[in-house]
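Visitor: Would you mind keeping the following structure in view while I ask a few things?
Here, each number is a calculation from the coordinates, and none is a lab measurement. Given the structure is predicted, the values throughout are model-derived calculations rather than measurements. No Cβ is skipped: glycine too gets one built from the backbone with ideal geometry, and neighbour counts run over all protein chains shown.
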Amino acid sequence: MTPNARVDAGRPPLLRLMEPGTGWLSWLNLVWSIWIFLVPLMDRKAFPHWLAPTLASYAVFLLLFHRVHYGDRRWVPWGALAMALLGFAITPLNPGAQGYVIYACAYVPFCLVPRRAIVMMCALLALYSAYWLWLGFPWLFVLNAVIVGLVVGLMNVHYIRRRQADTALKLSHDEVRRLAALAERERIGRDLHDLLGHTLSLVALKSELAGKLVERDPAAARRELDEVSRVAREALTQVRSAVTGIRAAGLGAELASARLLLEADAVELQYALAPVTLPPEIETVLALTVREAVTNIQRHARARHAEVTLSSTPREVKLCIADDGRGGAIAPGNGLSGMRERLEALGGKLRIESSAAGTRLEACVPLPKAAASPPDEGLGAAAA
């Protein structure tokens with residue numbers, strides 16, 4: 001019994017009931033309202049005139065239910081109060097109307113902070129219990145309203161607190177990503193300034209000098225122009241190298257993103273990286289391999305555990321990605337084909353083994369001699 005947290009200015013159309021996250025699943029909460037009709041049927045002689053008032057009250061209840069779940073959120077406290085009043089009004093004719101009070105308790109946590117919501121639920125149930133006993137009904141049967149009302153209300157208190165924590169965590173992640181992107185933009189700006197500032201100043205000075213020498217000393221002017229061309233070519237090479245580094249995908253960052261993606265789908269990810277410094281082009285290809293493999297695990301594998309390991313020898317580096325999901329025949333799509341092509345462009349190879357016990361992907365890439373021996377500081381070993 002959780003109303004939609006969306007705030008709307010006007011009355012939403014009924015078509016919104018079919019929208020993802022709000023739709024017809026909310027109506028499953030009405031299954032518990034069947035007790036409103038079953039209780040008087042157990043003793044028809046004691047409550048001979050229950051049907052007409054109950055049907056009328058239930059029609060009002062359905063309107064309130066719709067407004068609470070799909071209307072302006074400011075309607076929630078008024079809807080909860082109106083449901084409680086329905087319970088008080090119909091109980092003398094139908095003790096099953098205690099169900100209205102239980103629904104009211106379910107929506108109180110969406111109106112108040114947790115502590116006040118608990119106090120309000122206890123006060124409402126205490127007042128209803130006193131009213132029940134004043135009507136002369138057996139006290140044992142009111143325990144159902146008290147216990148169920150408190151349980152459902154406390155579950156919604158927990159739901160709200162968990163949702164608030166999830167929202168705060170998402171905002172924290174968004175802020176971290178924003179600050180990281182800002183820091184990266186500032187770094188790129190500094191690098192480009194350091195890279196191009198001196199070079200462009202030198203090109204401008206030599207171009208002016210060549211313009212002054214072109215009539216007095218054509219040979220010297222030609223030398224200056226040749227120097228301008230050389231400096232420009234060097235600058236172009238440096239810019240291309242810098243852009244390649246900017247575009248390179250980091251393996252560590254990709255694993256962190258993979259962990260967030262899989263944990264959001266209840267998949268545990270463990271990873272370990274060997275202490276080896278990879279050339280940017282190899283690290284980028286391996287990072288993209290992790291991205292594609294983890295995306296496939298999240299979409300298709302239905303796994304519960306996944307593992308990523310990076311090992312190295314003096315001649316090659318091997319990336320293994322395994323999961324315990326449903327395996328079987330794999331139809332290579334654009335993702336796997338692109339993964340294989342990127343690896344083969346570096347002289348590497350891709351191997352995939354899939355069975356009912358899961359899928360294992362191995363990507364092997366030969367290392368250049370400069371990266372074959374592990375330095376003092378590399379990717380390092382990591383485990384999650």
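Visitor: Write down Rg/Rh for the stretch 251-372, rounded to two decimals, with Rg from the C-alpha atoms and Rh from the Kirkwood relation over Cα pairs.
Guide: Reported Rg/Rh, Kirkwood definition of Rh: 0.95.
Visitor: Also: Run through every distinct alpha carbon pair of the stretch 173-229 and return the Kirkwood hydrodynamic radius in angstroms, one decimal place.
Guide: 13.8 Å
Visitor: Separate question: Positive end of the dipole of the stretch 14-172, charges at C-beta (+1 Lys, Arg; -1 Asp, Glu), about the Cα centre: which of V60, L124, G96 has its Cα farthest in that direction?
Guide: Result: L124, furthest along the dipole toward the positive end.
Visitor: Continuing with this model, one more query. Pull up the cross-link candidates among the aspartates and glutamates for K206, meaning alpha carbon to alpha carbon under 13 Å and not fewer than 8 places away within one chain.
Guide: E224, D226, E227
Visitor: Can I ask one more? Fully extended, how many nm does the chain gain between V176 and L30 (0.36 nm per residue separation, minus their Cα-Cα distance)?
Guide: Full extension of this stretch gives 48.4 nm more.
Visitor: Could I ask something else about it? Sort largest first and round to whole Å: the equivalent ellipsoid semi-axes of the stretch 14-172, each the square root of five times a Cα gyration tensor eigenvalue.
Guide: Three semi-axes, in Å: 29, 19, 12.
Visitor: For the pair V239 and A272, how long in nm is the line joining their label points, each one 7 Å along Cα→Cβ?
Guide: Between V239 and A272, the simple spin-label model gives 4.6 nm.
Visitor: Suppose R0 equals 41 Å; then what is the FRET efficiency for A264 and A56 from their Cβ-Cβ distance, rounded to the nearest 0.05?
Guide: 0.35
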